[in-house]
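**Student:** Supplied in structure tokens, the structure appears directly below.
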Amino acid sequence: MARGGRRRANAQLTTGCVAGTGDLAARRPSDIELGRRAFRRKQTGRSVLISIVSTLALAVILWFTVVNTPGWKTVQHSFFDAHTFVEAWPRVFRGFVLNIEVLIVAAVGVAILGTGIAAVRTLRGPVFFPLRALAAGYTDLFRGLPLIIVLYLVGFGVPGLQFTQARIPAQVWGTVALILTYGAYVAEVLRAGIEAVHPSQMLAARALGLSRGRALRMVVLPQAIRKVSPALMNDFISMQKDVGLISVLGAIDAVRGAQIQTAQAFNFTPYVLAGLLFVVLALPMIRVTDWYSARLRAREQMGAL
């Protein structure tokens, strides 16, 4: 019995070793796969080389078409003067901090207003028709009006009604105008996301005993936001730029600070400084948007050829 047990154990050990060797051989890439990987590496190196050559060619073209022109020195002095840049930095940066504060408050207000309007527009039943009509009228109006006109109407028209005797700062009215304008865009984006969620999700949530409001908040909205996240991010990037328009109301933001410095120095470099600050503010969000869009695309195309 002992000898028979040892034989069986040795046989099982030998079979396991053979199976393990077979599994290891199966996990090794085939010659065709190795050839494909080598071809991909070769193509990658070729692409990098072509990119370097094309970049150098573009730099040479820009040198001869822009930098090497007769008026380049005048333009360089008027827009890229280092001394004016340093002098304008404190005032423009203080105004830029105000732009960031307005952006944060406006983003929260847009999220709240846009979500509420989107929820109202998805209400069903004839009893909610007046609310749906008001929501549709709001989105049509503020998506059609240019932001600068909304700024003038809100910043100069509403204070003229004299609701209060206290003077409200211009940046507050600018924030309200941004919320009203971008709330309409975000509401339509969210409404499209809600309608893109299959109705069975709402029916299943209601079958589990959730009210319509809780089902919308806990089941439908998370899926809708995931579907339209790239569009919402793009709206936020657009609002980052448009927040500079509050300067038309007299707020001393980055753009107004650059205008003051330009008038003092007779040089346009402060505007370039303000533009660079807005670009630095927008770049991280732009890169996150591109990354998230690529991630969603890869997830949706998973398994495709």
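**Student:** Could you tell me which residue of segment 242-300 is surrounded by the fewest Cβ atoms within 10 Å (Cβ to Cβ), considering only residues that are touching a Pro at 6+ places or on another chain (Cβ under 8 Å) and of a type in the set (G, A, S)?
**Tutor:** S293
**Student:** Right, something else. Has segment 156-172 got at least one residue that is closer than 30 Å to R256 by Cβ and open to solvent by less than 30 Å² (accessible area, probe 1.4 Å)? It would help to see each step written out before you state the result.
**Tutor:** As a first pass, look at segment 156-172 and keep what is closer than 30 Å to R256 by Cβ: 156-172.
When the remaining residues are screened for being open to solvent by less than 30 Å² (accessible area, probe 1.4 Å), the result is 170.
Checked segment 156-172: at least one residue is closer than 30 Å to R256 by Cβ and open to solvent by less than 30 Å² (accessible area, probe 1.4 Å).
**Student:** Hey, does segment 129-144 have a residue that's open to solvent by less than 50 Å² (accessible area, probe 1.4 Å) and either within 26 Å of V272 (Cα to Cα) or touching a strand residue (DSSP E or B) at 6+ places or on another chain (Cβ under 9 Å) (or both)? So that I can check it myself, show each step before the final result.
**Tutor:** Quick first cut of segment 129-144, residues open to solvent by less than 50 Å² (accessible area, probe 1.4 Å) only: 133, 135-139, 142.
If we keep only those that are either within 26 Å of V272 (Cα to Cα) or touching a strand residue (DSSP E or B) at 6+ places or on another chain (Cβ under 9 Å) (or both) too, we end up with none.
So far as segment 129-144 goes, no, none of its residues is open to solvent by less than 50 Å² (accessible area, probe 1.4 Å) and either within 26 Å of V272 (Cα to Cα) or touching a strand residue (DSSP E or B) at 6+ places or on another chain (Cβ under 9 Å) (or both).
**Student:** Is it true that S229 is of a type in the set (S, T, N, Q), at pLDDT 90 or above and open to solvent by less than 50 Å² (accessible area, probe 1.4 Å)? Walk me through how you get there before you give the answer.
**Tutor:** Working: of a type in the set (S, T, N, Q): yes; at pLDDT 90 or above: no; open to solvent by less than 50 Å² (accessible area, probe 1.4 Å): yes.
Considered against the rule, which asks whether it is of a type in the set (S, T, N, Q), at pLDDT 90 or above and open to solvent by less than 50 Å² (accessible area, probe 1.4 Å), S229 comes out as no.
**Student:** Can I ask one more? With the requirement that a residue be open to solvent by 20 Å² or more (accessible area, probe 1.4 Å), touching a helix residue (DSSP H, G or I) at 6+ places or on another chain (Cβ under 9 Å) and aliphatic (A, V, I, L, M), what does segment 204-215 give you?
**Tutor:** Of everything in segment 204-215, those that are open to solvent by 20 Å² or more (accessible area, probe 1.4 Å), touching a helix residue (DSSP H, G or I) at 6+ places or on another chain (Cβ under 9 Å) and aliphatic (A, V, I, L, M) turn out to be A204, L208, L210.
**Student:** Search segment 269-291 for residues that are closer than 17 Å to V86 by Cβ and pair each with any residue that is among the charged types (D, E, K, R) when their beta-carbon atoms are under 6 Å apart and the residues are at least 6 apart or on different chains.
**Tutor:** T269/D81
The values are calculated or read from the model by the stated rules, or taken from the named source; none is laboratory data. Since we're looking at a predicted model, the values are computed, not measured. Note: ideal-geometry Cβ built from the backbone for every residue, glycine included; neighbour counts use all protein chains shown. For the accessible areas, the whole protein counts, side chains as well, though only heavy atoms, and no ligand, DNA or RNA atoms are used. Shrake-Rupley method; radii C 1.70, N 1.55, O 1.52, S 1.80 Å.
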